[in-house]
Amino acid sequence: MNDFDTRRLLCPNVIFGITLAILSIAFIYAFIPAFINEPPGLKNPMLSPRWLPMVMGWGCFILSMSLVIAEFFHPEIAEHHVHEKSLHVLVLCAVLLSYVLLFETAGAILIGVVATVALFAIRSVKSIVAYILAIALPFVVYFFFTTLLEVPLPTGIFME
Amino acid sequence: MMENFTEVLSLFLSVDNFIAIIIGVVIGVVIGAIPGLTATMAVALALPFTFSLEPVTAILLLVGIYKGGMYGGSITAILIKTPGSPASACTLLDGYPMAQKGQATKALQTALYSSCIADFISNLSLIFFASYLAKIAMNFGPPEFFWLICFSLTIIVSVSGEAIIKGLIAACLGIIVSCIGLDQMYGTERMTFGHYDLMDGISFVPLMIGLFAIPEVIDFYYTKAQPHIIKNVDKSKLSLQEFKQCLKSIIRGSFIGVIIGSIPGTGATASAFISYSEAKRTSPRRANFGKGEPEGVAASEAGNNGVAGATLIPLLSLGIPGDIITAIILGAFMIHGLTPGPLMFQQNLSLIYAIFCGIMLSSIVLFIVGNLTIKYFSKVSDLPKPILLPIVLLFCVFGTYAVNNSIFDIGVMFAFGIMGFFFAKMGIAAAPFLIGFILGPMFEDNLHRSLLISKGDLSIFVRGPITWFFIALTIASLIFVIRRWHQGRTVNAEVDQNLE
């Protein structure tokens with residue numbers, strides 16, 4: 001295999017296509033039988049709860065193989081992505097995780113303020129007004145939801 | 001006759017009605033413009049406030065919120081790539097690129113004008129053709145719906161851009177995700193892993209926000225920081241020439257919306273995407289679609305808002321609510337001792353015409369309120385991204401949590417956000433995923449119901465002129481997209497050869 005073919009094999013579309021094809025087969029033969037129950041005495045297979053996921057699984061398999069084949073005939077030009085420092089990504093991950101893990105325990109307002117300030121800080125926002133906004137906005141949004149719309153949001157440490 | 005006319009005027013010409021419409025539209029626009037909050041939620045929240053109001057005032061308040069909410073959903077779709085409703089997900093395909101080019105005002109104006117025109121056409125259809133359209137809707141059974149959904153699914157190809165295979169993969173994945181939860185027919189669990197939160201399936205709000213808004217946030221922190229360049233923001237407004245170019249798509253989209261809206265259970269999403277797809281197919285500027293073409297925004301919004309008045313057709317004439325919002329409005333009618341349906345036209349004709357007058361007025365109010373708010377909303381797009389995106393994230397989290405008061409939904413939103421980011425990096429359009437997710441359950445439900453009615457006989461799918469009409473449309477649409485795709489590839493190959 002020459003360099004050209006090796007490059008095509010390693011291009012994102014081919015990797016994606018092959019991975020998806022493997023996952024599709026796993027989905028059809030392992031996932032569907034394990035996680036989709038079929039009612040007993042089913043007369044028409046098209047009425048089965050497994051039918052549509054099965055068809056879509058095969059659809060994914062055929063399309064992913066088509067993607068791999070198409071790549072060999074009409075290769076896409078890979079775009080060069082410039083990545084940011086891993087610190088920024090790490091902080092973003094921490095913010096997303098804290099929204100999921102601490103939103104109810106710490107409260108919507110506190111986690112909102114901390115997350116917004118952290119995201120401002122890592123992108124070097126210097127405006128004082130922006131930081132005042134970061135602190136005030138979660139309060140405003142919280143009271144808009146809870147008071148005007150009567151939609152409860154977690155109070156967390158600000159519990160009455 | 002004269003007596004009826006006087007009665008209609010006495011019911012309609014009340015200060016309370018005017019105030020209800022104005023408040024309703026304003027609330028609708030504001031709530032629709034908040035990520036996570038939908039027109040449905042706003043109408044549901046407002047229902048208890050209507051108990052003490054007069055019947056006409058109560059209905060007009062809810063209709064005003066509904067119409068304002070539908071337009072409000074497009075504001076966030078255009079400005080921050082966060083659709084307020086699944087239907088406005090189509091608006092962001094061209095609206096957001098326009099905002100990125102500094103044409104936020106123009107995009108918002110296009111959305112507003114096309115929304116108001118479509119709304120007006122839809123209202124006229126409601127007033128003049130309600131009984132006729134209701135008769136057509138009555139002929140829609142599960143097989144007819146099935147083919148309508150099949151036709152709607154063909155639009156996946158046109159919203160996939162150049163990468164059709166990837167778009168189809170996304171649609172298949174969307175349909176698979178839509179299968180999560182309890183099976184609609186047998187109630188058996190599908191891919192729930194015994195998790196209580198998955199029994200009801202994946203909610204569309206966290207999925208939609210995750211798919212469109214969160215990838216923008218992730219991408220901003222993932223890619224290398226660019227020096228802050230103040231771009232030449234184009235503050236120009238929509239010119240008459242541009243408006244004329246969009247008009248054909250607006251009118252066509254409005255009628256698509258009217259027809260789809262009058263059929264209960266189809267919804268604005270299919271209408272918006274069909275209208276967009278048709279505009280893309282016929283427009284001389286089709287190459288600009290997806291890159292910030294005002295006609296794309298106009299077509300989508302016309303399809304979306306063309307549904308608004310028409311959904312009231314099956315409600316008022318047959319007593320059948322077409323979607324959740326009209327079901328809530330039906331509830332409001334019943335609370336006030338009124339039962340929509342054929343009898344209502346005999347017993348409460350004056351009241352119905354008073355509501356019609358209010359509905360027409362609501363389009364004008366929407367136009368005025370929308371115009372007044374555009375200049376303030378468009379300032380959002382001028383905010384620097386380091387400030388804007390964390391705020392967007394905050395709204396997304398609060399809004400998503402508010403839907404079901406569930407932290408699980410926030411996790412779902414981030415999971416789909418990561419998937420959306422991966423899609424963007426792989427050049428996979430997210431819109432086909434959303435279309436698959438929304439249309440998948442409708443496809444399966446109507447397939448199952450057809451098979452149950454016919455006891456497994458497949459000839460039910462070709463039982464009448466409506467099914468044949470949609471089969472022909474589906475085939476024609478497929479042939480057209482395959483031809484266009486083939487032509488595109490031939491042109492690309494020629495360009496490549498010339499370059500070599």
Legend entry - Check on B:Thr154, at pLDDT below 85 and surrounded by fewer than 24 Cβ atoms within 10 Å (Cβ to Cβ): yes
Inset, instruction - Please state which of the following conditions B:Ala270 fails to meet, knowing it meets all the rest: (1) within 13 Å of the chain's Cα centre (by Cα); (2) closer than 22 Å to B:Leu62 by Cα. - result: (2)
Legend entry - Residue that is nearest to the chain's Cα centre (by Cα) [pool: residues in region A:87-117 that are over 21 Å from A:Phe143 (Cα atoms) and at the interface with another protein chain (Cβ under 8 Å from one of its Cβ atoms)]: A:Leu96
Inset, instruction - Hey, can you tell me all the residues within region B:241-261 that are farther than 28 Å from B:Ile136 by Cβ and in contact (Cβ under 8 Å) with a residue 12 or more places away in the chain? - result: B:Glu242, B:Phe243, B:Gln245
Legend entry - Any hit, region B:334-348, residues being open to solvent by less than 40 Å² (accessible area, probe 1.4 Å), small (Gly, Ala, Ser) and part of a helix (DSSP H, G or I): no
Inset, instruction - Look through region B:215-235, keep the residues that are part of a loop (DSSP other than H, G, I, E, B) and either touching a Gly at 6+ places or on another chain (Cβ under 6 Å) or more than 14 Å from chain A (Cβ to nearest Cβ) (or both), and return whichever of them is modelled with the highest pLDDT. - result: B:Lys235
Inset, instruction - Give, as residue ranges, the helices (runs of 4 or more DSSP H) completely inside region A:18-117 that count at least 3 residues that are at pLDDT 95 or above. - result: A:51-73
Legend entry - Among residues of region B:14-56, those that are within 14 Å of chain A (Cβ to nearest Cβ) and either basic (Lys, Arg) or assigned to a helix (DSSP H, G or I) (or both), counted: 18
Inset, instruction - Check whether at least one residue in region B:444-452 is modelled with pLDDT under 90, open to solvent by 40 Å² or more (accessible area, probe 1.4 Å) and either of a type in the set (A, V, I, L, M, F, W, C) or under 21 Å from B:Ser88 (Cα atoms) (or both), and report yes or no. - result: no
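From the list A:Phe31, A:Phe61, pick out the single residue that is crowded, with 16+ Cβ neighbours inside 10 Å, at the interface with chain B (Cβ under 9 Å from one of its Cβ atoms) and under 22 Å from the mean Cα position of the chain (by Cα).
Details: A:Phe61 fails: at the interface with chain B (Cβ under 9 Å from one of its Cβ atoms).
Step by step, each of A:Phe31, A:Phe61 is checked, and only A:Phe31 is crowded, with 16+ Cβ neighbours inside 10 Å, at the interface with chain B (Cβ under 9 Å from one of its Cβ atoms) and under 22 Å from the mean Cα position of the chain (by Cα).
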Inset, instruction - Within region B:157-173, identify whether any single residue is without any contact (Cβ under 8 Å) to a residue 40 or more places away in the chain and in contact with an Asp or Glu (Cβ under 8 Å, 6 or more places away or on another chain), and answer yes or no. - result: no
Legend entry - Matching residues, region B:83-98, being over 13 Å from the mean Cα position of the chain (by Cα) and open to solvent by less than 10 Å² (accessible area, probe 1.4 Å): B:Asp94, B:Gly95, B:Met98
Legend entry - Members of region B:29-40 that are crowded, with 24+ Cβ neighbours inside 10 Å and either at negative phi or hydrophobic (A, V, I, L, M, F, W, C) (or both): B:Val29, B:Ile31, B:Gly32, B:Ala33, B:Ile34, B:Pro35, B:Leu37, B:Thr38, B:Ala39
Inset, instruction - Can you confirm whether region B:410-421 contains a residue that is touching a helix residue (DSSP H, G or I) at 6+ places or on another chain (Cβ under 6 Å), at pLDDT below 90 and closer than 18 Å to A:Val100 by Cα? - result: no
Inset, instruction - State whether the residues of region B:274-291 include one that is assigned to a loop (DSSP other than H, G, I, E, B) and either of a type in the set (Phe, Trp, Tyr) or at pLDDT 90 or above (or both). - result: yes
Inset, instruction - State yes or no: is B:Ala430 modelled with pLDDT under 90, of a type in the set (A, V, I, L, M) and buried (at least 22 other Cβ atoms within 10 Å of the Cβ)? - result: yes
Inset, instruction - Could you tell me whether B:Tyr113 is within 22 Å of B:Ile324 (Cβ to Cβ), of a type in the set (Phe, Trp, Tyr) and at pLDDT 85 or above? - result: no
Inset, instruction - Filter the helices (runs of 4 or more DSSP H) completely within region B:82-165 down to those with at least 3 residues that are of a type in the set (A, V, I, L, M) and closer than 30 Å to B:Phe345 by Cα. - result: B:104-138
Inset, instruction - Take region B:1-28 and flag every residue that is surrounded by 20 or more Cβ atoms within 10 Å (Cβ to Cβ) and in contact with a Leu (Cβ under 8 Å, 6 or more places away or on another chain). - result: B:Leu11, B:Asn17, B:Ala20, B:Ile21, B:Gly24, B:Val25
Legend entry - Those residues of region B:236-263 which are assigned to a loop (DSSP other than H, G, I, E, B) and either open to solvent by 30 Å² or more (accessible area, probe 1.4 Å) or among the aromatic types (Phe, Trp, Tyr) (or both), in sequence order: B:Ser236, B:Lys237, B:Ser239
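The values are calculated or read from the model by the stated rules, or taken from the named source; none is laboratory data. Keep in mind it's a predicted model, so treat the numbers as computed, not measured. Glycine gets a Cβ as well: all are built from the backbone with ideal geometry, and neighbour counts include every protein chain shown. What goes into the accessible areas is simple: the full protein's heavy atoms, side chains included, and nothing from ligands, DNA or RNA. Shrake-Rupley method; radii C 1.70, N 1.55, O 1.52, S 1.80 Å.
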